[in-house]
Every structure is written in C-alpha cells, then in structure tokens.
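Asks: Let me give you the structure first, and then I'll get to my questions.
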Amino acid sequence: MDSALSVSAVSKAYGPRRVLHEVSLEVRAGERVALLGHNGAGKTTLMKLALGLVPADSGSISVGGAAAGSAAAREAAAYLPEALAFHPALTGREQLGLFARLAGVSRAVVPGLLDRVGLGDAADRRIGTWSKGMRQRLGLAQMLLGRPALALLDEPTSGLDPVSRYELYAIVDEMAGQGTAVLVASHALTELEARTDRIAILREGRMVACDALARLRDEAGLPVRLRVTARGERAADLQARIGGARLNGASVEILCPPSQKMARLAEIAGLGGLVADLDVAQPSLEDIYRHYSGGASP
Ligand code: ATP
C-alpha cells in the first residue's frame, strides 16, 4: 500500500535542545497508528514537521508523496490540534462554510458534514456557547472537508466524555476505511488499544518501538497474569500448590512468561475442585508502553 506519511531519519533541535533524533515512521493509506510518549517526548513536534510548520534539521518527510511543507503536502494533510480555536461569534454552519471556501470545497457539503459529526442540531448556535466536545467535533468536520491523505490528531479525546470519545473514534475509523492514513498522539492508552493498527513509541525523541500491538507484546515477553480463585476458603491451599501471591482471601495471582502459559493452565486445570475460577490477563498496552518507555508515565 502507498505511504501517506513517510518520515526518514528526521532530527530536530530547538536551540541547543535536541527534540527528535533520527526518527523514522511510515503510515500507509488506511492505516491507524498511535503515537505514544511522555510529555515532551516530541509527538507534537513530529506532527508539526509533517505539516511543514517547522523545518527538520536533517532527514526527510513526505506526505502523500510530496515533500513536507510543499503545497501538495499541505493539501494532503489535515490536523486536529489539542486546543482548537474557532471564532466564538460565528455559528458552526458559518465557520464550516468558511473552511469549505478556504479548502475550495462547495458549501453544499456543510449540512451533511455537520450531521455526520452530530452537530446538526447545534449548527446555528454560536460556537462561543459550545462545549469542548462540540468544538472537537467541528474540528473533525473540518478535517473531513478535504478528504485528506493523512490525518494528524493530537490528543483528540482529552477532556471528552466517554460517548464523545467513542463517536470520535468511530469517525476516525470511517476516515481510515476511506483510505486516509491516521496518526493519533494520545496519553489515553486504554482507548487506543483496540483502535489502532500499529503503536509507535517515542522516548526522549527516539522511536523506541513501532509495530502491531501483538508483535510488541511478543517481543517484550512480558508476563501473563493468571488470577485463580479458590473454592471455599482454600486460598492458602491453592497458593501452596501453585505459588504466586495472595490477592485477597479468595484469590491467588501468578505471573508467568508467555511460553509457560499453557503448561501453567494445564497444571491449574488439574487441581479440579480446588479452583472455582480463572482469569488470564495479557499484558495491557499500558504494561507494554512502560516496558518500552523505561517506566515513564504515558
Ligand atoms: P506532550 O505530551 O506534553 O504534548 P510532546 O511529546 O507533544 O509532549 P513536544 O510538544 O513535541 O512534546 O515537545 C518536545 C520538546 O520540545 C519539549 O521539551 C518542548 O519543551 C520542546 N519544544 C517544543 N516546541 C518548542 C519551541 N517552539 N521552542 C523551543 N522548544 C520547544
């Protein structure tokens, strides 16, 4: 598939501070990639480089096959920044109409787009009276105007309620389904887990991991958690047989390498009446993130 975003060995410094070190990343048409990293890791800087808002010191970036910053690359990319500023005195319909004109798109698409992002009813109210979630949706509608080859979303769900988050990702999925390459920077790991095809992790400006979650999980070799609940009051018996740590009066938790999981499960199944229940928890994206980022908070 085509690479909508191609970042190759890019470095960037602000004055004496090196912010990105030889970063490479490809995002293909229709692919959704999560960009993770601690505060200051360089996520927003990478997006600004892709948009041509700041120049790279070395390396190369192309968007839709064109050099970042060129007219063709700017046209191919859409950006949803974390803090969105719209004119508070305009209504949603007026603002999106203005964006449509700037993008050279017919205003006839505006009502349909407002409906699609759930703003049909609010379209004729001034944006100054809107909630943060409504403004984020207007930002999404703006992104959808140009059918971009690449969508860059910087912490799109911060401050949104769970339903708005869900709806935002549904629209992102739809964009990806139509061939847009999506790069989402976020600290909300749990919601990204099921929503992205690949995970890219920046640590102090270096790309320390970039792969599908399942592959990162395998590569990290983090332990699987087995939570075993004893029948009756027999947690002490259970612990004596399988080891691990008591979680409470009824359950024991053991950590085992992925390669030993099936053997441990067979062992537990062999305990028969001593076991009332069993939960298997794979390492979460948060565990994997901590592994690759050296323990930094997401
Ligand atoms: P966050 O998760 O907090 O949004 P981030 O990963 O997006 O962080 P960036 O905004 O890319 O991080 O910032 C990376 C580093 O570059 C930080 O140390 C920041 O202070 C610095 N930086 C960003 N923009 C500038 C600028 N215009 N001038 C100087 N330093 C900057």
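Asks: With respect to the numbered conditions (1) at pLDDT 95 or above; (2) over 30 Å from Lys43 (Cα atoms), which one is the sole condition not fulfilled by Arg241?
Replies: All conditions pass for Arg241, except number (1).
Asks: Is it the case that region 41-50 has a residue that's at pLDDT below 95 and more than 14 Å from the ligand (Cβ to nearest atom)?
Replies: For region 41-50, residues at pLDDT below 95 and more than 14 Å from the ligand (Cβ to nearest atom): absent.
Asks: Separate question: Does region 12-58 hold any residues that are within 24 Å of Tyr169 (Cα to Cα) and of a type in the set (Ser, Thr, Tyr), and which are they?
Replies: Thr44, Thr45
Asks: Now, a different point. What's the total number of residues in region 26-58 that are over 23 Å from Thr157 (Cα atoms), in contact with a strand residue (DSSP E or B) (Cβ under 6 Å, 6 or more places away or on another chain) and not charged (D, E, K, R)?
Replies: Result for region 26-58: 2.
Asks: Can you tell me how many residues within region 56-83 are within 15 Å of the ligand (Cβ to nearest atom) and at pLDDT below 95?
Replies: Total meeting the criteria: 5.
Asks: While we're on this one: Looking only at residues in region 124-136 that are in contact with a helix residue (DSSP H, G or I) (Cβ under 8 Å, 6 or more places away or on another chain) and not hydrophobic (A, V, I, L, M, F, W, C), which one is nearest to the ligand (Cβ to nearest atom)?
Replies: Residues of region 124-136 in contact with a helix residue (DSSP H, G or I) (Cβ under 8 Å, 6 or more places away or on another chain): 124-125, 127, 130, 133-136.
Next, from what is left, pick out any that are not hydrophobic (A, V, I, L, M, F, W, C): 124-125, 133, 135-136.
Working: Asp124: 34, Arg125: 30, Gly133: 20, Arg135: 18, Gln136: 16 Å.
Looking at the filtered set, the residue picked out is Gln136.
Matching residues to (1) more than 19 Å from Ala85 (Cβ to Cβ); (2) away from the ligand (no atom under 16 Å from the Cβ); (3) in contact with a helix residue (DSSP H, G or I) (Cβ under 7 Å, 6 or more places away or on another chain):
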residue: Leu138; (1), (2), (3): no, yes, yes
residue: Leu150; (1), (2), (3): yes, yes, yes
residue: Thr157; (1), (2), (3): no, no, yes
residue: Asp161; (1), (2), (3): yes, yes, yes
residue: Glu174; (1), (2), (3): yes, yes, no
residue: Gly177; (1), (2), (3): yes, yes, no
residue: Ser186; (1), (2), (3): yes, no, yes
residue: Leu192; (1), (2), (3): yes, no, yes
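Asks: Identify all residues within region 102-147 that are hydrophobic (A, V, I, L, M, F, W, C), touching a residue at least 12 places away in the same chain (Cβ under 8 Å) and closer than 18 Å to Ala77 by Cα; write none if there are none. Full working, then the answer.
Replies: Filtering region 102-147 for residues hydrophobic (A, V, I, L, M, F, W, C) gives 102-103, 105, 108-110, 113-114, 117, 119, 122-123, 127, 130, 134, 138, 140-141, 143-145.
Next cut, touching a residue at least 12 places away in the same chain (Cβ under 8 Å) only: 103, 105, 109-110, 113-114, 117, 119, 122-123, 127, 130, 134, 138, 140-141, 143-145.
Once the filter is applied, which keeps residues that are hydrophobic (A, V, I, L, M, F, W, C), touching a residue at least 12 places away in the same chain (Cβ under 8 Å) and closer than 18 Å to Ala77 by Cα, region 102-147 yields Ala103, Val105, Leu138, Leu140, Ala141, Met143, Leu144, Leu145.
Asks: Any residue at all in region 148-158 that's crowded, with 18+ Cβ neighbours inside 10 Å, among the small types (Gly, Ala, Ser) and not in a helix (DSSP H, G or I)?
Replies: Checked against the condition, which is being crowded, with 18+ Cβ neighbours inside 10 Å, among the small types (Gly, Ala, Ser) and not in a helix (DSSP H, G or I), region 148-158 yields at least one hit.
The values are calculated or read from the model by the stated rules, or taken from the named source; none is laboratory data. As the structure is a prediction and not an experimental result, all values here were calculated from the model. For neighbour counting, all protein chains shown are included, and Cβ atoms are generated from backbone atoms with ideal geometry for every residue, glycine included.
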